[in-house]
Structure formats: structure tokens, C-alpha cells
Amino acid sequence: VQLQASGGGSVQPGGSLRLSCAASGSTFSINAIGWFRQAPGKQRELLTHISTDGSTDYADSVKGRFTISRDNAKNTVFLQMNSLKPEDTAVYYCSADTGVSHYWGQGTQVTVSS
């Protein structure tokens, strides 16, 4: 499984961004795809995930502001991020869980600053 994350950038507080995670390869083996982030000096944090049955879950830090969705035809998962705060600044990663292994995308930088 290969993952390609994109869509990061710089935005002012209160702004929005949409990240994309395009999966290729053995996508049939994927059970769930999640979004993580890692800020400088902090541990990588799980933000949300979406399973093959469409169920989702969110960390309290992003609940109500971030929304995960997917386009099965394009093997792509999206992360819509609204009401961004400076503390959302981090490198964002997507990860695929096959039940046997975890695969990671390369990360995309999100910077929230005025």
C-alpha cells in the first residue's frame, strides 16, 4: 500500500484546509485509514479514522471542527479542517491499517498563523 498526502499549507486562524490521502497498491487490504499529526517536540497524535464500513471516530481536540470522508472510486480519503487554530500547526500524516501492517504517507505541513 502506498499513500500520498497533499493539501497542506498556511492559513490564518479560523480558516479552512482540506487534506487528501490517495491510496494505491493493495487497497483491498485496507481496513481503515486515519489522520495523525505531529507538532514539533510532541508525540504523534491520532485525530480521526474511517473504517471500510464508513464508521468514524474523532479525537476530542478536533471533534466538531474536522471531518473525515472518503471517495471509494478514487481510493482517496479527505480531512476537511475548519475553524483552524494556531495549535493545529503540525505535520499531518495519513496511515492505512491492513490489520497486519500500518502504512504511512509522507506528511503534509499545516501552519496556522496570523
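The values are calculated or read from the model by the stated rules, or taken from the named source; none is laboratory data. Because the structure is a prediction, the values reported are computed rather than measured. Methodologically, a virtual Cβ is constructed for each residue, glycine included, from the backbone with ideal geometry; neighbour enumeration extends over all protein chains shown. The protein model used for the area step is the full one, side chains on, heavy atoms only, and it has no ligands, DNA or RNA in it. Shrake-Rupley method; radii C 1.70, N 1.55, O 1.52, S 1.80 Å.
Before moving on, here are some points about what is shown:
- Checking each residue in segment 63-96 for being surrounded by fewer than 17 Cβ atoms within 10 Å (Cβ to Cβ), within 21 Å of residue 38 (Cβ to Cβ) and among the acidic types (Asp, Glu) picks out only 87.
- The set of residues in segment 77-114 being in a strand (DSSP E or B) and more than 12 Å from the chain's Cα centre (by Cα) consists of 97, 102, 103, 111, 112.
- Verdict on residue 53 being on the phi < 0 side of the Ramachandran plot, of a type outside the set (A, V, I, L, M), modelled with pLDDT under 95 and not in a strand (DSSP E or B): yes
- Restricting attention to segment 4-23, the residues that are in contact with a Gly (Cβ under 8 Å, 6 or more places away or on another chain) and open to solvent by 20 Å² or more (accessible area, probe 1.4 Å) add up to 4.
- Going through (1) outside any loop (DSSP other than H, G, I, E, B); (2) open to solvent by 50 Å² or more (accessible area, probe 1.4 Å); (3) within 19 Å of residue 104 (Cβ to Cβ); (4) of a type outside the set (Ser, Thr, Tyr) one by one, residue 40 falls short only on (1).
- Residue 104 meets each of the listed conditions (1) farther than 14 Å from residue 3 by Cα; (2) modelled with pLDDT of 95 or more; (3) open to solvent by 70 Å² or more (accessible area, probe 1.4 Å) apart from (1).
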